[in-house]
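> For reference, the structure I am asking about is given below.
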């Protein structure tokens, strides 16, 4: 089963992968970056401080995650039907 992932770009140029269905310490979800790798991120806060990454911009990070065994489904935004992230 594919893991939903939202790729975003920080103002400085780094790409972050957010996994909105992989919960961490509330209100955070699991995130991944080249430097620092896995961690927790506040989904809404990251969205407010980043912009969507294009497929060309996130290709390298996506390949790194797939090399680690992830099966990914890239989505632009993740909306839960109920309250939460």
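Quick note: the coordinates plus some simple rules give every number you see, no bench work behind them. Note that the structure is predicted; figures quoted are calculated from it, not measured. Neighbour counts are summed over all protein chains in view; Cβ atoms, including those assigned to glycine, are modelled from backbone coordinates with ideal geometry.
> Which of the peptides 51-59, 5-13 is most tightly packed, and how do the rest follow, going by the mean number of other Cβ atoms within 10 Å of each residue?
Details: 51-59: 13.8, 5-13: 15.9.
In descending order of packing, they fall as 5-13, 51-59.
> Continuing with the same structure: Helix-only mean residue ellipticity at 222 nm, the chain, DSSP H runs n ≥ 4 weighted -39,500 (n - 2.57), per residue, nearest 500. What is it? Working shown, then result.
On the way: 2 runs with 20 residues, N = 85.
So the helix-based figure for the chain works out to -7000 deg cm²/dmol.
> Here's something else I'd like to know. For log10 I(q)/I(0) by the Debye sum over Cα atoms at q = 0.10, 0.24, 0.25, 0.26 Å⁻¹, one of (i) -0.25, -1.17, -1.24, -1.29; (ii) -0.21, -1.31, -1.43, -1.54; (iii) -0.56, -1.05, -1.09, -1.13 was computed from the structure I shared and the rest are decoys. Which label?
Correct label is (ii).
> Could you check the spin-label model distance between residue 14 and residue 76? Points 7 Å from the Cα along Cα→Cβ, value in nm.
2.7
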